[in-house]
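Participant: Here it is, the structure in full.
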Amino acid sequence: MPKLDIDAIPLRTGSYYPAEFVPPVQGRSSRSLGDAGGLTQFGVRICYLDPGAWSSQRHWHEQEDEFVMALTGDLVLIDNAGEQPLRPGECAAFKAGDGNGHKIVNRSSAPGSFLVVGTRAPVDRAHYPDIDLVMNKDADGVRYTHRDGTPY
């Protein structure tokens, strides 16, 4: 297995969310380790959160499992059960279709990071229980719509 130079992997910033949902995630960036390693069956990313940033809007996937592990910082996991600290070495798993909306937030004054591993389902739908947003993924790409199906 080839060793990856994490610092040489491009840092992705920005969001594909509709503009009104972008501000909380503006301090998020990531490196796609799975893509850099040529993986096709599952994705692996290191996500970095500036102080105050969110990993995403709270969401859950119909077809994709997700696993997260805190690497650095003092993060907070927010899911259907409420809020829990997520410290380096601690992890959480979200089974596809379970309806447990989740996100990670950095409420500290220092940067934080976490590893995320997820299925690469060719077709998926993500639900965002706190906002009027649905993500649809299929052979044509990724599209965001309102819950009633109208596009943004």
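The values are calculated or read from the model by the stated rules, or taken from the named source; none is laboratory data. Computed from a predicted structure; not experimentally measured. We place every Cβ from the backbone using ideal geometry, glycine too, and count neighbours over all the protein chains shown.
Participant: So ASP7 fits all but one of (1) in a helix (DSSP H, G or I); (2) under 16 Å from the mean Cα position of the chain (by Cα); what number is the exception?
Facilitator: Failing condition for ASP7: (2).
Participant: Something else about it: Which of the residues spanning region 10-33 are out of contact with any Ser or Thr (no Cβ under 7 Å at 6 or more places or on another chain), touching a residue at least 24 places away in the same chain (Cβ under 8 Å) and either assigned to a helix (DSSP H, G or I) or of a type in the set (A, V, I, L, M) (or both)?
Facilitator: PHE21, PRO24, LEU33 - these are the residues of region 10-33 that are out of contact with any Ser or Thr (no Cβ under 7 Å at 6 or more places or on another chain), touching a residue at least 24 places away in the same chain (Cβ under 8 Å) and either assigned to a helix (DSSP H, G or I) or of a type in the set (A, V, I, L, M) (or both).
Participant: Search region 43-62 for residues that are within 21 Å of ARG120 (Cβ to Cβ) and among the acidic types (Asp, Glu) and pair each with any residue that is modelled with pLDDT of 95 or more and surrounded by fewer than 20 Cβ atoms within 10 Å (Cβ to Cβ) when their beta-carbon atoms are under 8 Å apart and the residues are at least 6 apart or on different chains.
Facilitator: Final answer for the pair search is GLU62/ALA96; GLU62/GLY97; GLU62/ASP124; GLU62/ARG125; GLU62/HIS127.
Participant: So in region 104-147, with the set limited to residues that are acidic (Asp, Glu) and farther than 21 Å from VAL44 by Cβ, which one is surrounded by the fewest Cβ atoms within 10 Å (Cβ to Cβ)? So that I can check it myself, show each step before the final result.
Facilitator: To start, the set of residues in region 104-147 that are acidic (Asp, Glu) comprises 124, 130, 132, 138, 140.
From what is left, the residues that are farther than 21 Å from VAL44 by Cβ are 130, 132, 138, 140.
Details: ASP130: 12, ASP132: 14, ASP138: 11, ASP140: 7.
Within region 104-147, the match that is surrounded by the fewest Cβ atoms within 10 Å (Cβ to Cβ) is ASP140.
Participant: A further question on this structure: Take THR150 and decide whether it is without any contact (Cβ under 8 Å) to a residue 60 or more places away in the chain and surrounded by fewer than 16 Cβ atoms within 10 Å (Cβ to Cβ). It would help to see each step written out before you state the result.
Facilitator: Working: without any contact (Cβ under 8 Å) to a residue 60 or more places away in the chain: yes; surrounded by fewer than 16 Cβ atoms within 10 Å (Cβ to Cβ): yes.
Against the criterion (without any contact (Cβ under 8 Å) to a residue 60 or more places away in the chain and surrounded by fewer than 16 Cβ atoms within 10 Å (Cβ to Cβ)), THR150 qualifies.
Participant: Another one. Given the condition surrounded by fewer than 18 Cβ atoms within 10 Å (Cβ to Cβ), hydrophobic (A, V, I, L, M, F, W, C) and either modelled with pLDDT of 95 or more or under 23 Å from VAL134 (Cα atoms) (or both), answer yes or no: does some residue in region 46-66 qualify?
Facilitator: Looking through region 46-66, none of the residues is surrounded by fewer than 18 Cβ atoms within 10 Å (Cβ to Cβ), hydrophobic (A, V, I, L, M, F, W, C) and either modelled with pLDDT of 95 or more or under 23 Å from VAL134 (Cα atoms) (or both).
Participant: For region 22-42, how many residues are farther than 20 Å from ARG120 by Cβ and either more than 14 Å from the chain's Cα centre (by Cα) or among the hydroxyl-bearing types (Ser, Thr, Tyr) (or both)?
Facilitator: 2
Participant: Yes or no: region 89-103 includes at least one residue that is surrounded by fewer than 17 Cβ atoms within 10 Å (Cβ to Cβ), under 28 Å from ASP132 (Cα atoms) and of a type in the set (Lys, Arg).
Facilitator: Looking for residues that are surrounded by fewer than 17 Cβ atoms within 10 Å (Cβ to Cβ), under 28 Å from ASP132 (Cα atoms) and of a type in the set (Lys, Arg), one finds at least one in region 89-103, hence yes.
Participant: Right, another one. Within region 98-106, does at least one residue satisfy the condition of being over 21 Å from TYR17 (Cα atoms) and out of contact with any Phe, Trp or Tyr (no Cβ under 6 Å at 6 or more places or on another chain)? Spell out how you get there, then give the answer.
Facilitator: Step one: list which residues in region 98-106 are over 21 Å from TYR17 (Cα atoms), which gives 98.
Restricting the remaining residues to those that are out of contact with any Phe, Trp or Tyr (no Cβ under 6 Å at 6 or more places or on another chain) gives 98.
Checked region 98-106: at least one residue is over 21 Å from TYR17 (Cα atoms) and out of contact with any Phe, Trp or Tyr (no Cβ under 6 Å at 6 or more places or on another chain).
Participant: Can you tell which of VAL22, VAL76, VAL68 is over 28 Å from THR145 (Cβ atoms) and of a type in the set (Val, Ile, Thr)?
Facilitator: Values: VAL22 fails: over 28 Å from THR145 (Cβ atoms); VAL68 fails: over 28 Å from THR145 (Cβ atoms).
Only one candidate qualifies: VAL76.
Participant: Does MET69 fit the bill of being farther than 21 Å from GLY14 by Cα and among the aliphatic types (A, V, I, L, M)?
Facilitator: Numbers: farther than 21 Å from GLY14 by Cα: yes; among the aliphatic types (A, V, I, L, M): yes.
Considered against the rule, which asks whether it is farther than 21 Å from GLY14 by Cα and among the aliphatic types (A, V, I, L, M), MET69 comes out as yes.
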